[in-house]
Each structure stands twice: as C-alpha cells, then as structure tokens.
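Novice: Quick one: the structure is below, questions incoming.
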Amino acid sequence: MRLRKLREKLAADGLDAMLVTQPQNARYLSGFTGGNGVVLVVTPREAIAVTGFIYREQIQREAPDWELVEVKNKLVSAFPDLIARLGARRIGFESTHVTVDRHREWAEALTDCELVPVKDVVEDLRAVKDEEEIGVIEKAVAVADAAFAHIVEFIRPGMMEKEVGWELEAYMRTHGAEKVSFDIIVGSGPNGAMPHATVSERVIRAGEPIVMDLGAVVDGYCSDMTRTIVIGEPDDTFRAVYDTVLRAQIHAEAKIMPGMTGQEADAIAREIITEAGYGEAFGHSLGHGVGLAVHEKPRVTHMQDGNTLVPGMVFTVEPGVYLPGWGGVRIEDVVVLREDGCQVLTRSSKEPVVPL
Ligand code: ZN
Ligand code: ZN
C-alpha cells in the first residue's frame, strides 16, 4: 500500500527510481529500524535495500520482501551496476536529508543519470495514519499520561527541575516506552517563559507555574504532551493566563475540521489568545504532526500557507503564553482528525493546581 502510493507519485513526477535515505522514511516504507544504515531504491517494480554487513541480518528480518544488495565498500559503490541493471535515468533523492558531500558522491557514481531533488514525498504519505499506526500512537500517549499522573504525586517544592525530568524519563522507560521522544522540559517559574528550556538545576518553588513537556516512543511512534501546574496557590496572572490558554485549546479541539488549512486551525486558538491581550506572547505554532518523528507533517501554523488537514492526520494542539520574568503556560494534547473533528488522545487532567 505504502509502496504503491509512492510509485504513483514517482510516475506523476516522471521519475524512474527514488533513493530513500531518511531513517523514518526508510522505516515507514520497509520496516527497517536501523537508521542511516541503508539506501532504499524504489522503482515501479523493484524494492531494493542496499546495505553493508552490519545491517544484513536485520534487514532480512525486518524487511523480508525487499531485495537485499549487500556492499562490502561504501554503499554508493553498488550504484553504477545496480542503476544500470534497473535502467533508471531520472532518479529522485531526498533533498532535505542528503548532504552536499553525499550528493557529490552519488553524482560521480551515476554520470549517465539525472539526480532530481524530491521533497516531502514520503513525508506526505506519513502525515495520514492508518488505524494500526493510530493504535500505536495511543499507546505512546498513554505512557506519557501515566508518567504525568505519577509526577503530580512525586513533585514537591525544593526539588530541582532535573530531578523531576529524570523521574518522568525513568517512569516512562520502565512503563512501556522504548525511549523518550525528545529531551523532557520542566520549566519552572521564569524558565517556563522559554518554550524549549529542557531542564536545569533550578529549585522548584510553591506558587509558580511549572511547564512539563514530555513524550514516549512506543514501536517507533512518538507521543508529545504538555501540562502546566502550580504547587499550592497560583497568583492572579496564572489564573488569567491559564484560563486563556485552556479556552483557546478547548475551542480549537472542538472546531478544527477536515478541509481546513493548518493556518485556519491555528487561527482558531490564536484569536482567543489575541483577544485576551496575549497575542504577542504566543509566538509559536498551534501544533505539528506526530508519528515516527515527534515533529512531522502536517503543519498547524500561522507562519506559512499550510497544508490541508484531512482525516487520519495526527497532530498536537498546544497553545501557549510566555511572559518573560514570570513564566509560561502551555497545554498540549495529541489529537487524531476524524471525519467529524478532533478525537483527543491525551487524557491527562487539565486541573493545574497541585495541593501543597
Ligand atoms: Zn511537546
Ligand atoms: Zn509538541
């Protein structure tokens, strides 16, 4: 199915073959989990995995339907004979992943061919998930939900952000995650004003906002969630900001529909935050696709003409407000777009106050 769709795209673009090297794209097409150790060659009829000794057995096991070409030397050394055998002339490559050096090597090995930069072909296929993929993402979401429920019991004033981050990571890795999807963020007090502040040795205090952003990887698929809490009594700023961000998120999750562009979806939340006077403090996109990568298509952003959202897309809805010197509030769910709107996969509580 995935290969068939890729081949339709190759035919439409007049390509005789495509070289796939981006690790998540290679995994999506073949099942091979070994990252950069393979070049996939896809033609209208053939599906070939070019690799070295190290990954030979793994590819046979994970991608049994693919013809294996084992190379003793650099992978590119197989190209002249292989491409001649396939009779390919116009060959697509992934321009966002192939380095300038690698491109030069390939061009030198394939002097009779035209190397055509191709962008987002497999990425566009990956943006729309099948039910099996959605089921795996639900598991990854559930691991992060469980970690958050655990951390609410664990976290106390006097702990360092780093300790809380490690507890979240350890919990996920011992409760079903193969790894975490990205460096966990625990942004306490003023640190929360930096949307991607990871963790520091800052000691958490009662009464300040704490932004926690975490995700688990299950069977290669990522989850991504954020909750903002306060231990003890929040200040008035927190109440106003939190209420705004939560309203924006709930509204967006209720109103985003298939057929909208990512920009239109983003605007639903942005309008509410802007009307409340915090528009300048919401400097990032409303969301992003989640799958084999934690940031993938579709884009749900105000920044550029976006893609159209269609059923089967899985993405985050994560409005945020960041006030330098004070802190931040972000609330992030993973949703799957259905015919009738968003199905929210993240189940964690959005009650921000944790009793002292
Ligand atoms: Zn996140
Ligand atoms: Zn996110």
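Novice: Any idea what the alpha-carbon Rg over 2.2 N^0.38 Å comes to for segment 218-267?
Specialist: This ratio for segment 218-267 stands at 1.56.
Novice: Give, to the nearest whole percent, the P(r) tail of segment 2-126 beyond 22 angstrom, counting all Cα pairs.
Specialist: The proportion of pairs with Cα distances above 22 Å equals 27 percent.
Novice: Express as a percent, rounded to the nearest 5, the fraction of DSSP beta bridges in segment 1-153 (both residues included) that run antiparallel.
Specialist: Values: 8 of 20 bridges.
Looking only at bridges with both residues in segment 1-153, the antiparallel portion is about 40 percent.
Novice: Where does each of 32-42, 267-277 land if you order them by average Cβ count within 10 Å, highest first? Kindly include the intermediate steps, with their values, before the conclusion.
Specialist: Working: 32-42: 20.2, 267-277: 18.4.
In descending order of packing, they fall as 32-42, 267-277.
Novice: Restricting to bridges with both residues inside the chain, how much of the DSSP beta-bridge set is antiparallel, in percent to the nearest 5?
Specialist: In the chain, DSSP labels about 75 percent of beta bridges as antiparallel.
Novice: Here is a further query. Cα axis of helix 236-255 to longest principal axis of the chain: angle in degrees, 0 to 90, nearest 10?
Specialist: Once rounded, one gets 40 degrees.
Novice: Placing +1 on the Cβ of each Lys and Arg and -1 on the Cβ of each Asp and Glu in the chain, which of 107, 82, 209 has its Cα farthest towards the positive end of the resulting dipole?
Specialist: It is 82, whose Cα lies furthest towards the positive end.
Novice: For segment 19-154, what is the accessible area per residue in Å², given a 1.4 Å probe and the full set of protein chains?
Specialist: In whole numbers, segment 19-154 has 49 Å² accessible per residue.
Novice: Over segment 2-126, what is the mean sequence separation of C-alpha contacts under 8 Å (at least six apart), divided by residue count, expressed as relative contact order in percent?
Specialist: 26
Novice: Still on this structure: Relative contact order for the chain: what percent, with Cα pairs under 8 Å and sequence separation of 6 or more?
Specialist: It rounds to 14 percent for the chain.
Novice: Still on this model: Magnitude of the Cβ-charge dipole of segment 151-212, K/R +1 and D/E -1, about the Cα centre, nearest 20 debye?
Specialist: It comes to approximately 80 debye.
Novice: Another question, if that's okay. What is the percent carbon and sulfur in the accessible area of the chain, measuring with a 1.4 Å probe over the protein chains and ignoring ligands? Please list the in-between numbers first.
Specialist: Details: 8030 of 15680 Å².
After summing per-atom areas, the C and S share lands at 51 percent.
Novice: Above 23 Å lies some portion of the pair distances; for segment 239-356, what is it as a whole percent of all C-alpha pairs?
Specialist: So the portion of pairs separated by more than 23 Å is 26 percent.
Novice: To continue, here is another question. Only four residue types carry charge here, +1 at the Cβ of Lys and Arg and -1 at the Cβ of Asp and Glu. Report the dipole size of segment 284-351 about the Cα centre in Debye, rounded to the nearest 20.
Specialist: With Lys and Arg at +1 and Asp and Glu at -1, about 100 debye.
Novice: Residue farthest toward the positive end of the dipole of the chain, with Cβ of Lys/Arg at +1 and Asp/Glu at -1: which of 60, 128, 242?
Specialist: About the Cα centre, the residue reaching furthest to the positive side is 60.
Novice: Binning at 5 Å from 0, report for segment 131-354 what percent of all alpha-carbon pair distances ends up in each bin.
Specialist: Per 5 Å bin, starting at zero, the Cα-Cα P(r) for segment 131-354 comes out as 1, 8, 16, 20, 20, 17, 11, 5, 1, 0 percent.
Novice: With springs connecting C-alpha atoms under 10 Å apart, model the chain as a Gaussian network and identify which of 298, 195, 64 has the largest mean-square fluctuation.
Specialist: 64
Novice: With unit charges on the beta carbon (Lys/Arg positive, Asp/Glu negative), name the residue among 293, 267, 306 whose Cα is farthest towards the positive pole of the charge dipole of segment 242-311.
Specialist: The residue sitting farthest along the positive end of the dipole is 293.
Novice: Which lysines, if any, have their Cα less than 25 Å from the Cα of residue 9, not counting same-chain residues under 8 positions apart?
Specialist: 119, 129, 297
Novice: Then there's this: Once you charge only the Cβ atoms, +1 for Lys and Arg and -1 for Asp and Glu, what is the size of the charge dipole of segment 131-354 about its Cα centre, to the nearest 20 debye? Write down the numbers at each step before the final one.
Specialist: Working: 18 positive and 35 negative charges, 57 e Å.
Here the size comes out at about 280 debye.
Novice: Please report the projected area of segment 73-195's Cα convex hull averaged over all directions, in nm².
Specialist: 12.5
Novice: Sticking with this one: Peptides 208-216, 98-106: what's the order by average Cβ count within 10 Å, highest mean first?
Specialist: Result, highest mean Cβ count within 10 Å first: 208-216, 98-106.
Novice: Also, I was wondering about something else. In nm, to one decimal, how far is the modelled label at residue 58 from the one at residue 275, with both set 7 Å along Cα→Cβ?
Specialist: Each label point lies 7 Å from its Cα, and together they span 5.2 nm.
The values are calculated or read from the model by the stated rules, or taken from the named source; none is laboratory data. Owing to the predicted nature of the structure, the values given are computational and were not obtained by experimental measurement. Cβ atoms come from the backbone with ideal geometry, glycine included; neighbour counts cover every protein chain shown. Side chains are part of the model used for accessible areas, which takes the heavy atoms of the whole protein and leaves out ligands, DNA and RNA. Shrake-Rupley method; radii C 1.70, N 1.55, O 1.52, S 1.80 Å.
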